[in-house]
1. So how tilted is helix 428-441 from the main axis of the chain? Cα-based, degrees 0 to 90, rounded to 10.
2. Roughly how many Å² of ILE72 are accessible to a 1.4 Å probe, to the nearest 10?
3. Which one, LEU562, SER322, ALA364, is farthest towards the positive end of the dipole of the chain when Lys and Arg carry +1 and Asp and Glu -1 on their Cβ?
4. When the helix-only estimate is applied to the chain (DSSP H runs of n ≥ 4, each -39,500 (n - 2.57), divided by the residue count), what is the mean residue ellipticity at 222 nm, nearest 500 deg cm²/dmol?
5. Take GLU227, GLU440 and sort them by solvent-accessible surface of the protein heavy atoms, 1.4 Å probe, largest at the top.
6. Calculate the radius of gyration of the Cα atoms of segment 512-569 to one decimal place, then report Dmax, the largest Cα-Cα distance, as a whole number, both in Å.
7. Helix 554-575 sits at what angle to the longest principal axis of the chain, using alpha carbons and giving 0 to 90 degrees rounded to 10?
8. On a 0 to 90 degree scale, rounded to 10, what angle separates helix 123-144 from the longest Cα axis of the chain?
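The values are calculated or read from the model by the stated rules, or taken from the named source; none is laboratory data. Model, not experiment: these values are computed from the prediction. Please note: Cβ atoms are built from the backbone with ideal geometry, for glycine as well, and neighbour counts cover all protein chains shown. These area figures cover heavy atoms from the full protein model, side chains too; ligands, DNA and RNA do not enter into them. Shrake-Rupley method; radii C 1.70, N 1.55, O 1.52, S 1.80 Å.
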Amino acid sequence: ASAVHVFIRRQLDSIAVLRTLGATSVQVFAIYLMLAVAMGLLGSLLGALAGVGLQQAMPLVLHAFIPANVRIVPSLQAIASGAALGVWTAAVFALLPLAGIRAVSPLATLRRNTDPPRMRWDALRIAAVAALIVSVVALAAVAAGSLERGAWFAGAIGGTIAVLWLASLALMAAARRWIPVTLPYLFRQGLANLHRPANQTLTVVLALGFGTFLLGTVFSVQRNLLEVVQVDRPGRSRANLVLFDVQTGQRALVDSVLRAESVAADSFTPMVPMRIRELKGQAVSTLESSSDTLTADAETDRNSGASGAGPSLWALRREYRSTWRATLNPADHLVAGRWFVPSTAASGRTAADPAPISMESGLAAELGVTVGDAITWDVQGVPVYSRVMSLRDVDWARFELNFFVVFAPGALESAPQTWATMAHAPNDTVRGRVQREVAERAANVTAIDLAEVQAALETVISHIATAIRFMALFSLFTGAVVLVGAIATSRWQRVREGTLLRTLGATRAQVLIILIVEYIALGFAAAFVASLLAVAAGWSLAHWEFKTPFVAPWLQLGLLALVLVALTVTAGLWGSVEVLKRPPLEVLRND
């Protein structure tokens with residue numbers, strides 16, 4: 001859209017000539033729309049060729065991440081769909097700027113400096129805006145695989161752009177009203193350029209601010225995801241070693257090994273294997289054979305929503321390792337019902353005396369149960385009766401002993417059980433010695449080094465973040481291109497202003513200072529607003545999507561802001577070279 005806008009501004013004379021020769025506004029609009037589509041097709045084909053070339057290099061870049069040799073074969077379907085998407089994008093985003101050429105008057109052939117036509121809202125402009133909105137929602141929905149998620153994503157884009165737009169208006173208003181008169185003239189002139197006629201404040205803040213918002217959000221999410229999975233950090237005593245399948249008679253042995261190495265360990269947690277025998281009075285075998293309530297594919301069942309299709313097969317058939325305890329874990333958050341109190345203890349030996357249980361909310365949704373529903377468990381062939389007393393949200397990202405089902409004390413103590421514990425070893429050497437000692441003295445006990453798990457998670461997250469950061473950098477690069485387009489749009493106006501200043505006695509250095517002040521203000525405004533939006537988006541994702549604490553990465557955002565300001569100044573000065581080079585007399589003669 002920016003490129004077409006700049007192109008149309010450069011073609012106003014040609015458009016006026018066509019109108020003078022008898023071309024109608026509809027014909028002129030159709031001519032330039034076809035031209036925009038042709039440019040979009042050419043750009044899409046070149047982009048597809050570049051994408052195929054880049055695809056050949058990807059295995060070389062990602063060889064450490066791909067566990068097998070990958071043979072790259074270009075996909076004609078992908079090339080065709082990419083080219084079609086490019087053409088559609090070019091056409092849809094060109095509609096709005098092209099709508100203005102219908103109002104170009106033949107008078108523009110006689111008066112070069114005729115003001116550009118004012119925007120008027122008619123059926124074509126409204127249709128262009130509607131096509132833009134529908135296209136963005138549709139593309140987001142296709143990429144996300146869900147119309148609802150696509151609509152939310154498109155709405156978030158619209159909200160971000162609205163905030164950046166309001167911020168640019170506020171910046172222009174502030175520059176118009178509150179520039180201190182004590183500032184040097186060159187600074188005041190540079191800030192006044194923010195609200196002068198044909199200013200570029202809105203375009204620059206929108207383009208660069210949105211790219212910076214994407215990058216800042218990626219930094220925020222990556223920082224907080226890594227914070228969650230970090231298990232071995234100086235000054236932190238979070239567990240980095242887990243031992244399970246400890247038999248009852250081996251607890252003292254394992255505890256002595258940990259004490260000998262001065263390793264701090266949590267208390268042992270019991271684990272009882274079990275399966276579901278009956279669900280709300282119906283046998284599992286009956287539920288599995290019922291074609292009316294179950295889908296044949298467990299994955300399809302999970303994706304279908306679970307509520308209307310009956311219990312998920314995977315949830316019915318799996319083996320559960322459950323525990324009992326009287327208190328909530330730090331990773332647990334009660335969302336329905338109430339936690340156990342001493343009066344709720346029961347044996348679970350009969351249906352009339354069911355044991356109270358707390359179930360993870362996601363599993364409850366898969367099984368289609370809620371507070372008050374009855375579940376009968378099979379524990380080594382012995383039925384254990386239970387009733388759901390509460391539902392919990394569990395933060396599975398925490399390296400803790402978390403369970404789908406927790407029983408109230410009193411029901412499982414006599415059942416066959418194993419034990420697990422988590423410990424914190426100060427370094428790799430101690431962890432290695434503990435694992436070796438446990439393997440030699442209790443071969444059935446499994447010891448897992450969570451630091452290795454963390455390293456693997458960090459590697460995966462790092463690769464994913466690199467890919468997302470690349471796309472965000474691409475968006476920032478696109479914003480820089482739009483910045484150049486914004487500068488080109490107001491090029492003639494800026495040349496005239498520079499000429500006037502130099503005619504009044506300003507030197508090239510003074511004009512340069514005015515430009516630098518303007519672009520620093522634009523870059524700082526875009527970076528400031530985008531950083532706040534990125535923090536808000538990062539907090540929202542951490543709170544609502546990942547359910548993790550949030551810490552704003554102010555250092556990374558500050559460095560990103562400095563890069564944005566430098567980019568704005570560099571691109572602005574590069575696009576304003578003509579303002580400094582053209583002699584004043586040449587401009588005055590053309591005027």
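1. Compared with the principal axis, the helix lies near 30 degrees.
2. So the heavy atoms of ILE72 present about 50 Å² to solvent.
3. About the Cα centre, the residue reaching furthest to the positive side is LEU562.
4. Details: 20 runs with 338 residues, N = 591.
That calculation yields -19000 deg cm²/dmol at 222 nm.
5. The residues order as GLU440, GLU227, largest area first.
6. That works out to 14.4, 49 Å for Rg and Dmax.
7. Value to nearest ten degrees: 20.
8. The angle comes out at about 30 degrees.
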